[in-house]
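Everything on this sheet refers to the single structure shown next.
The values are calculated or read from the model by the stated rules, or taken from the named source; none is laboratory data. Small disclaimer: the values here were computed from a predicted structure and weren't measured. Cβ placement follows ideal geometry from the backbone for every residue including glycine, while neighbour counts extend to all protein chains displayed.
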Amino acid sequence: MVPTNYLLALSAVLFIIGVAGVLVRRNALVIYMAIELMLNAANLAFVAFAAAFGALDGQIAVFFVMTVAAAEVAVGLAILVTIFRTRKSVDIDTLHRLKG
Amino acid sequence: MFLSETMNQTGAFFHLVPWAVLFPVVGLLLNMAFGRRIGERGVAFVAVTASGLSFAVSVLMWLSLRVHPAGATVPLLSWMTPVNVDWAFRVDTLAVTMMLVVSGVGTLIHLYAAGYMHYDVRYKGDPGRYARFFVFLNLFIASMMILVTGDSYLMLFVGWEGVGLCSYLLISFWFEYDTHGHLSLANALAGKKAFIANRIGDFGFMTAMFYMFAVFGTLNFGQVFAEAPGVAQSHPQAILIITLLLLLGVTGKSAQIPLYVWLPDAMAGPTPVSALIHAATMVTAGVYLIARSHVLYDLVPAAQHTVALVGALTALFAATIAVAQNDIKKVLAYSTISQLGFMVAAVGVGAYVAAMFHLIAHAFFKALLFLAAGSVIIAMERAHHPLPEEGGHEGPHSDDPPDFDPQDMRFMGGLRRVIPVTFWTYLIAGLTLAGIPPLAAFFSKDEIIAETKAAFPLVYWLLVLAAFLTAFYIGRQIFLVFFGKPRSHAAAHAKESPWTMTSVLVVLAALSVLGGLLNWPHPYLAEWLGHTLGEVEGGALNPVVAGTSATIAVVSLLLAWWVYGRRPPESPSQPDPLQRPLGWLFTGMEAKWWVDELYWAVVLNPYVALSRIAAAVDVRVIDETVNDTAWLTDFIGRKIARWQTGFVRNYALSVFVGVLLIFTYLLWR
Amino acid sequence: MSTNLLVLFVLALIAVGAALGMLFSRNVVYAVLFLVLVMLTLAVLYLILGAPFLALAQVTVYAGAIMVLFLFAVMILGPQKLPAAGGPIGWQRPVALGLTLLFLVEVVAAFAAKVGALGTLNGAQAGFGSPAAIGRLLFNRYLLPFEATSVLLLVAAVGAVVLTKE
Amino acid sequence: MDFLMNPLNLMTFFPLVGVAAILLIPRERKDAIRWVAVITSLVSFFVSLWMLALFHAKNPGFQMVYDRLWLQAGGFEIHYALGVDGLSILLVLLTTLLTPISIFSAWTAIEDRVKEFAIAFLIMEVGMLGVFLALDLFTFFVFWEFSLVPMYFIIGIWGGPRRTYSAIKFMLYTMVGSVLMLLAILWLGLSQGTFYLPDLLAKGVHLPLHLQAWLFLAFALAFAIKVPMWPLHSWLPDAHVEAPTAGSVILAGVLLKMGTYGFLRFNLSLFPEASVKFAVPIAVLAIIGILYGAMVAYAQKDFKKLVAYTSVSHLGFVMLGLFALNPMGIAGGILQMINHGISTGALFLIVGIIYERTHTRDLSAFGGLWKIMPIYGAFSLVVALSSMGLPGLNGFIGEFTILMGAFQSPVLGPAFAISAALGIVLAAVYILVMLQKVFLGPAKEKNLGLPDLNWREITVLAVLTVFIFWIGLHPAPFFNLMMPAVEKMAHGLQAAALAMH
């Protein structure tokens, strides 16, 4: 079969791309999608380990990640929509009033 | 309860001694409570009777002692239990001698003050103060009584500081004026100076008591003197240190070098105060202390020598200054310091009886000199600034010079015709001070000089020189004040003081004349004090020494007549005849050898500066550090707050940085 | 064995390429589509790794529902072309890229040194990832988390409705 | 019901009855509120006299002990325990004496929010009494913090212009100290298995010296701030200057004594070896405090700040006495605490009286007041002389015994006593300068019409003057009350000192 190292490497790369997406992009939606990508990278690692150790727990974990991701997206987008209604722009940097 | 048991089982009145203190206390309480209501006559009456009763108790004690010379200790109340010192009175010949002098001269001066203060209070215009003066005067008598009858060093110390307090209160009695009657702080400052100088002396006294308790385990006279020889062996240094520290206390109280500076300024107080406190009684407390601790001093010759030297040096030093003073009371002040020097020198060489004899004589003639000077000052003042009820208009007399000062001898002259009684009493006291044979001081001073001749030659020569100067400056004063022509309108028109004052002068004059009989033909005093002081020197008159000192006195008086009597100065502004011959020496003497300025520069100004620095340090350094710690937390808080920029991406970045750090740590661990 | 490796390699390439595509695409819609592509490749990988049920779940739930939701959002908010650089905290972009590269380097170093061979995947038993097996496990050991997440979903749904109400 | 039968509990918590009564009175009836407050504190005073009657002077141990289990947690139990012994009885009496006096003296000084003022004062009395009576480390800490809060409000609400700054500074400064103390209490309690003081004293704290030193220092810091000892005193002038007169009287009269009492009860009793080890450094700090306090007091322009700095100097004497570690020094220290409470309390009343009339504390604004207000002058003279240590008055008894104790102390010695005795000369300097600036010299125009003391001020000062003369002339009853307990403690310290050398 396939050595898990490669899978982990892939998951790591995907994760890093997700992080880069969160840090670099200014469009709120793209940041959201980057977070989703990071979650998926994590899921991949889970599945790889589940397969490596022959334990289904990994896959169960992926299930829970998915439900959380779904809930998060629902609420997140709702917030984004309400913000968009007032700000007329999706640029994350416009929201900087809450500061020290 | 007390008075009913006139004669208790020991056939003496010793148990009455606490009343010597309680009568003046009752007097002062009465005056304090009803002062205003019973008017000046009432207040004076209460005060004088209180002091008189105290004198009566002293006489009782004297009578009891004649029956039981050993005396007694009368405990009254428990006091400092941890140091086991109680309120206990010791009645013995030394104590009773002092009691008689203090209450006797005290009562006379109370009488004199009743008259003197009447004019002083009217002149300074605050009738309420009359009662307050007599409250303080009675408090002084009470404190002095505690001092002389105390049975332990601690109780003596209570009286010691009590009289210091009274001298402070009475010097700055007219606290809103200066000696010329203008509104100023001068009197208040003089009082403060006196109290602090005394306090420095008391610091020495207290430290002596600490040592004493550490070494003897007690402060009561009886036990200390009993253990003294034993302790002298076991702790050789201890007694020397104790005696020297006591000497520091004595220099503070009896105005010896170096702590004498307060006495000349103490002349700011009303004249009865100067007479009673700063001439007759308080300043002699130091001599009494050394006489009382004679057992300790006899054990340590080195300490005795120091005492003698300090006394002699002070005697000479003060005499030089007295020669060049213009204020009538300042001359007498320095004369007192000088005479105290004689007494301290006497106790320094172990001549305790001579010292006590001179102390008694000095109490009489110096009190008389001061009271007479007071009478002169009152006479000058009333002539210069007559009181309204004597038909005087408000303003000061027009044709007196603007800088007229009733106490300055340069404005006096020829007063013997206008105030004869004061003149004659002053003359007698002056001659006594000079040491002219038949009068009291001749015998007492002669004894002192005779004793020192054998024991300590250097002190002998110093005292002889001082005696010469003493005769000179008193001669100068008499000629300047009473002879020649009046140098101011006030001097020409002065009027004699009322009988209440002059009667006291006459009594004191009589005492000055007869004082010599105390110890001359038959040494009554020597025997009397022998009961307390143990073996005491005979006191026989040494003809050679007596002759020399008498001639010195006469020669010095003639010299004074030659300089001041022959061609008396005509106008106040005329420089002193001694100015030209002595030159800078005279200016030095007149400026009191700049000792006050020295103390200001060396001790007082640095202390003031240091305290200002300390106050500044306290605010700017200690307080600042506290506030800075508060500022620091605020500063850090603000810095961290700025890091919260509000941009979501920044927060994501910092999270990522955290992850990175943890990852690298895990990687490189 | 090499065929598996080859397939995996191809899939990895597609996934990474799609992810980078999402990262750099100016147009948001393209970004969404790229993400969908990544999810699909992952689904295929799950199949290979013996998790068939998961793969299907991935396709239906993740790619299907969530990405569609994203598309809705994109359509509501209107596709905007935002300038890449600029904005109030311009300095943030280079720093972020720098740090990410550093992280990448560290990960690669980690793989090279640290992570030993985790052993190859042993053959999947029959029915390893089957829904029956997952169901049994899910409702035995993980019942509490299961219930908790169901409540979570309910709350999220209500929240979304409330938030977007006028 | 047996809670209230114990005199200590009754005395400590009776003020709360007053508080309840005051809550019922409407705010406008100010005089009614004031009367209730004074009467309540007077009742507390009479209960303390009852306690004094029950107190056997011969018994050095704790008496009238009331000990109940308060809470049990984590394997150790915390008692609510009150008790009084020779060391604390005089301080308790001082507290119950000064509280009615300061409330009574604030009759006209406090006009706004009288209700809250009375309540704050009564609650503070509870706190203070609790501190002096607590036998359990925890109860002590609770009362220690509890007594801070009312003082904070008294300074913060009714104070002068910079009151908030001073109140906060006072609060935080003391809190910093007490946090360390809490740690020490916990460590001590846990390591010894009990917080109950009598047990700790009976068993003795057996810890290696370096551990004992750390505990000692933690307690010492909290109490040194409160005393206040030299470098930690900067809160005192601000707190005093800004506090209302009544607040200053209680702050100087009692709160400062909690620090010295703390040293006495905890540092000296529980850690004899550490006390011997730290006796010299603390004594040096005390002497610096004496001389520094005197010097800075001399340079002050503000009457109240001058008096505040005198407290630093006086309490320097107390600390020197306590750390002489011999019966005479400690007895002198305790008596000096009482003397300082009386004479400095009276001094603050005097500052308050003139402040109420002229609304200024600047010394240069006064002068020649003795001519205008003779009765005020007489009382001030007696009080000033007492705080200067004139023999025959109370100050001297305390200072002399302390110096005598320090002179023969096994750990200190003549040098300490003599340098401290210099403080007495400096004390004379600043007191005489104060008397000269306020009472002597020519009177100023604007002061001419000042009214002399009214009957209320006279009674307050008269009560304190009676004690000044009583302790001055016949201190035996006061010494007899404390001597057995002091001897017992000094015995422990002596043993430690011998063992150490």
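Just need a number here: residues in region B:511-565 that are of a type in the set (A, V, I, L, M, F, W, C), assigned to a helix (DSSP H, G or I) and over 16 Å from B:F443 (Cα atoms).
So the answer is 11.
Within region C:136-150, count every residue that is facing chain A (nearest Cβ under 10 Å) and assigned to a helix (DSSP H, G or I).
8
Identify, from the list D:V307, D:V296, the residue that is touching an Asp or Glu at 6+ places or on another chain (Cβ under 8 Å) and buried (at least 24 other Cβ atoms within 10 Å of the Cβ).
The conditions single out D:V296.
I need the full set of residues from region B:571-589 which are surrounded by 12 or more Cβ atoms within 10 Å (Cβ to Cβ), assigned to a helix (DSSP H, G or I) and modelled with pLDDT under 85, in order please.
B:Q579, B:L582
In region D:394-410, what residues are of a type outside the set (S, T, N, Q) and buried (at least 24 other Cβ atoms within 10 Å of the Cβ)?
D:G395, D:F396, D:I397, D:G398, D:E399, D:F400, D:I402, D:L403, D:M404, D:G405, D:A406, D:F407
Inside region D:448-478, can you point out the residues that are in a helix (DSSP H, G or I), away from every other protein chain (no Cβ under 12 Å) and surrounded by 15 or more Cβ atoms within 10 Å (Cβ to Cβ)?
Of everything in region D:448-478, those that are in a helix (DSSP H, G or I), away from every other protein chain (no Cβ under 12 Å) and surrounded by 15 or more Cβ atoms within 10 Å (Cβ to Cβ) turn out to be D:E457, D:I458, D:V460, D:L461, D:V463, D:L464, D:T465, D:F467, D:I468.
Suppose we keep only residues that are farther than 18 Å from B:Y168 by Cα and of a type in the set (G, A, S) within region B:234-269. Which one would you say is farthest from the chain's Cα centre (by Cα)?
B:S234
Here is a list: D:L320, D:L315. Which entry is at pLDDT 90 or above, within 14 Å of chain B (Cβ to nearest Cβ), assigned to a helix (DSSP H, G or I) and more than 20 Å from B:Y168 (Cβ to Cβ)?
D:L320
Would you confirm whether or not region B:444-458 contains a residue that is crowded, with 20+ Cβ neighbours inside 10 Å and hydroxyl-bearing (S, T, Y)?
Within region B:444-458, one or more residues are crowded, with 20+ Cβ neighbours inside 10 Å and hydroxyl-bearing (S, T, Y).
For region B:306-333, what are the residues that are over 26 Å from B:A455 (Cα atoms) and in a helix (DSSP H, G or I)?
Selection gives B:I321, B:A322, B:V323, B:I328, B:K329, B:K330, B:V331, B:L332, B:A333.
What do you reckon, is D:I155 in contact with a Lys or Arg (Cβ under 7 Å, 6 or more places away or on another chain) and either at positive phi or not hydroxyl-bearing (S, T, Y) (or both)?
Judged against the criteria, D:I155 is a match.
Going by what's in this entry, would D:T108 be described as in the same structural domain as D:S88 (by TED's automatic domain parsing) and assigned to a helix (DSSP H, G or I)?
Against the criterion (in the same structural domain as D:S88 (by TED's automatic domain parsing) and assigned to a helix (DSSP H, G or I)), D:T108 does not qualify.
Just one of the numbered conditions (1) β-branched (V, I, T); (2) in a helix (DSSP H, G or I); (3) away from chain D (no Cβ under 14 Å) is not true of B:V25; which one?
B:V25 satisfies every listed condition except (3).
Does region D:215-232 contain any residue that is farther than 25 Å from D:G352 by Cβ and not in a helix (DSSP H, G or I)?
Within region D:215-232 (the criterion being farther than 25 Å from D:G352 by Cβ and not in a helix (DSSP H, G or I)), the answer is yes, since at least one residue qualifies.
Answer yes if at least one residue in region D:284-303 is closer than 22 Å to D:S343 by Cβ and outside the structural domain of D:A417 (by TED's automatic domain parsing), and no otherwise.
The answer is no; no qualifying residue exists.
Of all the residues that make up region A:1-44, how many are touching a residue at least 60 places away in the same chain (Cβ under 8 Å) and facing another protein chain (nearest Cβ under 7 Å)?
3
State all residues of region A:69-87 that are of a type in the set (K, R) and either within 14 Å of chain B (Cβ to nearest Cβ) or within 14 Å of A:N27 (Cβ to Cβ) (or both); if no residue qualifies, say none.
The answer is A:R87, and nothing else.
Residue pairs, Cβ under 8 Å, 6 or more apart or interchain, first in region B:167-190 and under 21 Å from B:A279 (Cα atoms), second among the β-branched types (V, I, T) and assigned to a helix (DSSP H, G or I). List them.
Matching pairs, first to second residue: B:S167/B:V273; B:S167/B:I277; B:L170/B:V273; B:L170/B:I277; B:I171/B:V273; B:F173/B:V273; B:N187/B:I171; B:A190/B:I171.
Which one of these is modelled with pLDDT of 85 or more and either exposed (fewer than 12 other Cβ atoms within 10 Å of the Cβ) or more than 9 Å from every other protein chain (Cβ to nearest Cβ) (or both): C:L104, C:L71, C:L54, C:L99?
Selected residue: C:L71, the only one of C:L104, C:L71, C:L54, C:L99 that is modelled with pLDDT of 85 or more and either exposed (fewer than 12 other Cβ atoms within 10 Å of the Cβ) or more than 9 Å from every other protein chain (Cβ to nearest Cβ) (or both).
Any idea how many residues of region D:397-411 are more than 10 Å from chain B (Cβ to nearest Cβ) and farther than 17 Å from D:A279 by Cβ?
1
For region D:183-210, give me each residue that is surrounded by fewer than 16 Cβ atoms within 10 Å (Cβ to Cβ) and in a helix (DSSP H, G or I).
D:L183, D:L186, D:W187, D:L190, D:S191, D:D199, D:A202, D:K203, D:L209, D:H210, listed by residue number.
For B:D86, which of the numbered conditions (1) closer than 30 Å to D:N326 by Cα; (2) in a helix (DSSP H, G or I) fails to hold?
Result: B:D86 passes all but (2).
Residue by residue, here is whether (1) assigned by TED's automatic domain parsing to the domain that holds D:K305; (2) within 21 Å of the chain's Cα centre (by Cα); (3) in a helix (DSSP H, G or I); (4) within 30 Å of B:W87 (Cβ to Cβ) holds:
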residue: D:G352; (1), (2), (3), (4): yes, yes, yes, no
residue: D:R357; (1), (2), (3), (4): yes, no, yes, no
residue: D:K371; (1), (2), (3), (4): yes, no, yes, no
residue: D:L381; (1), (2), (3), (4): yes, no, yes, yes
residue: D:A384; (1), (2), (3), (4): yes, yes, yes, yes
residue: D:P391; (1), (2), (3), (4): yes, no, no, yes
residue: D:G398; (1), (2), (3), (4): yes, yes, yes, yes
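Please give the number of the condition B:T281 fails out of (1) within 23 Å of B:T243 (Cα to Cα); (2) at pLDDT 90 or above.
B:T281 satisfies every listed condition except (2).
Return yes or no: is A:D57 within 14 Å of chain B (Cβ to nearest Cβ) and surrounded by fewer than 23 Cβ atoms within 10 Å (Cβ to Cβ)?
no
Is there a residue being touching a Gly at 6+ places or on another chain (Cβ under 8 Å) and among the β-branched types (V, I, T) anywhere in region B:122-140?
For region B:122-140, residues touching a Gly at 6+ places or on another chain (Cβ under 8 Å) and among the β-branched types (V, I, T): present.
Condition (residue is crowded, with 24+ Cβ neighbours inside 10 Å, among the aliphatic types (A, V, I, L, M), within 15 Å of B:T284 (Cα to Cα) and modelled with pLDDT of 85 or more) applied to region B:85-97: is it met by at least one residue?
Taking every residue of region B:85-97 in turn, at least one turns out to be crowded, with 24+ Cβ neighbours inside 10 Å, among the aliphatic types (A, V, I, L, M), within 15 Å of B:T284 (Cα to Cα) and modelled with pLDDT of 85 or more.
Scan region C:1-18 and report the pairs whose first residue is closer than 23 Å to A:A20 by Cα and whose second residue is aromatic (F, W, Y) and in a helix (DSSP H, G or I), with Cβ atoms within less than 7 Å and a gap of 6+ or a chain change.
Filtered contacts from region C:1-18: C:A18/C:F34.
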